[in-house]
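A.B. asks: Quick one: this structure, given as structure tokens, is what I'll be asking you about.
Quick note: the coordinates plus some simple rules give every number you see, no bench work behind them. Please read all numbers here as calculations on a predicted model, not as lab measurements. Cβ placement follows ideal geometry from the backbone for every residue including glycine, while neighbour counts extend to all protein chains displayed.
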Amino acid sequence: DKLKAGLEKTRKSFTEKIEQLIVGYATIDDEFLDDLEAVLLSADVGVPTTAKLMAEIRKGIKSKEINSPDDLTPFLQTKISAMLIGEPEPAAAPPEPPTVMLIVGVNGVGKTTTIGKLANYYREAGKKVLIAAADTFRAAAIDQLEIWGKRTGSDIIKHDEGSDPAAVAFDAVQAAKARKADIVIIDTAGRLHTKSNLMEELKKINRVIAREIPAAPHETLLVLDATTGQNAINQAKLFGDAVKLSGVVLTKLDGTAKGGVIIAIKNELGLPVKWVGVGEGINDLRPFVASEFAAALFT
Ligand code: GDP
């Protein structure tokens, strides 16, 4: 399927290298462990997460859960799966509609496309969707969202280029309440060269929405581009300082060998990956299921 196909390059850089290692070694020795560490690092799993996995493996060897290189694949699959799932979250009562989703991330990561795909996903689930074009900095983003709005049958709220993004968000939430929309998806700017302005802008949008709907935004999703590997981690730290993130959308998983960054995002930042982008098409967005990802990575 598409998730598996999307993970092809990551699987090649990760699983196939691990398999080659396993074939090349009869027993687990220090050299084997060093080589394994190098494989994990080269798949963009990241230094802290690699260290954690290596510690687990050493524990597994000690406890005789791992007796030979062959035991490694199932062991890693279980550990990576567990690492990605983390502590189960308490089931929250579904909010009164509209559910407000704020979408943040730097330009070029696939934010606009992701909003289109999300709108399509919720529309197909029978929801009434409203898109807010609150990246008023880029006229092209407003135009793109309008196209996505038409394609997905979603309402769109937009103001002129250069207008106040928080005013767009305010209008969108008002309109969503009046029109009884189920989901409001708010685009935001992603120009990093005026970083502090952007972060203030995001905070203001948050304040304005929360005034209208006390629990909103119900989701603040950070869009990250998987092809940027460890850079994605730095972006997550930056945005995490300004807004309370609820999860990550990892795009362009189909084009990269750096899919291991998913494990780092969860382990280093405690942020759940909620969606993955596996192509440019309208249907190429998948809810992220940790066990499916781990299985697709290893089989
Ligand atoms: P934005 O600047 O963050 O709004 O980025 P866009 O949504 O305009 O996307 C930038 C480029 O990335 C476009 O060419 C998209 O088609 C492409 N893109 C977005 N998501 C994915 C994905 O999951 N896979 C692939 N291969 N391309 C993607």
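A.B. asks: Using θ = phi - 60° and the Karplus form 6.51 cos²θ - 1.76 cosθ + 1.60, what ³J(HN,Hα) does each residue of region 50-63 get, whole Hz, x for Gly and Pro?
C.D. replies: These are the phi-based 3J(HN,Hα) values: 4, 4, 5, 5, 5, 5, 4, 5, 4, 5, x, 5, 4, 7 Hz.
A.B. asks: Let me have the relative contact order for the chain, percent, based on Cα pairs under 8 Å that are six or more residues apart.
C.D. replies: With pairs under 8 Å counted, the relative contact order is 26 percent.
A.B. asks: Got a sec to turn the phi values of region 10-21 into Karplus ³J(HN,Hα) couplings, 6.51 cos²θ - 1.76 cosθ + 1.60 with θ = phi - 60°, whole Hz, x for Gly and Pro?
C.D. replies: 3J(HN,Hα) across region 10-21, in whole Hz: 5, 4, 5, 7, 10, 5, 5, 5, 5, 5, 4, 4.
A.B. asks: Now for a separate question. Return the long-range amide H neighbours of ILE131 (sequence gap of 5 or more, or a different chain), with a cut-off of under 5 Å between placed amide H atoms.
C.D. replies: When sequence neighbours closer than 5 places are left aside, the close amide H contacts are ASP155, ILE156, ILE157, ILE185.
A.B. asks: Can you list the aspartates and glutamates whose alpha carbon sits under 13 Å from that of LYS52, skipping same-chain ones fewer than 8 residues off?
C.D. replies: GLU37, GLU268
A.B. asks: While we're on this one: Provide the packing ranking of 114-121, 131-138, i.e. peptides ordered by the mean count of other C-beta atoms within 10 Å per residue, highest first.
C.D. replies: 131-138, 114-121
A.B. asks: Under a 5 Å amide H to amide H cut-off, with H placed in plane at 1.01 Å, what residues pair with VAL223 once short-range neighbours are removed?
C.D. replies: It is VAL104, GLY105, VAL249, by chain and number.
A.B. asks: Take THR299 and HIS159, extend 7 Å from each Cα along the Cα→Cβ direction, and tell me the distance between the two endpoints in nm.
C.D. replies: 5.2 nm
A.B. asks: Shifting gears a bit: With runs of 4+ DSSP H residues as the only contributors, calculate the mean residue ellipticity of the chain at 222 nm using -39,500 (n - 2.57) per run, divided by the residue total and rounded to the nearest 500.
C.D. replies: -16000 deg cm²/dmol
A.B. asks: Step through the residues of region 252-260 one at a time and calculate ³J(HN,Hα) from phi using the Karplus curve (6.51 cos²θ - 1.76 cosθ + 1.60, θ = phi - 60°), rounding each to whole Hz and writing x for Gly and Pro.
C.D. replies: So the J values, rounded to whole Hz, are 6, 4, 5, x, 9, 9, 9, x, x.
A.B. asks: Could you check the simple spin-label distance between ASN283 and GLU124, using points 7 Å along Cα→Cβ, in nm with one decimal?
C.D. replies: Once both label points are built, they end up 0.6 nm from each other.
A.B. asks: What residues of region 2-45 lie in the reach of a label at THR73, counting those whose backbone N is under 12 Å from a point 7 Å from the Cα along Cα→Cβ?
C.D. replies: Only 15-23 pass the distance filter.
A.B. asks: Going by average Cβ density within 10 Å per residue, which order do the peptides 260-270, 144-154 take, highest to lowest?
C.D. replies: In decreasing order of mean packing, 260-270, 144-154 become 260-270, 144-154.
A.B. asks: If each residue's Cβ is checked for other Cβ atoms within 10 Å, how do LEU285, LEU33, LEU245 rank with the fewest at the top?
C.D. replies: LEU33, LEU245, LEU285
A.B. asks: What is the distance, in nm, between label points placed 7 Å from the Cα along the Cα-to-Cβ direction at LYS180 and at ASP30?
C.D. replies: Placing both labels 7 Å along Cα→Cβ, they lie 7.1 nm apart.
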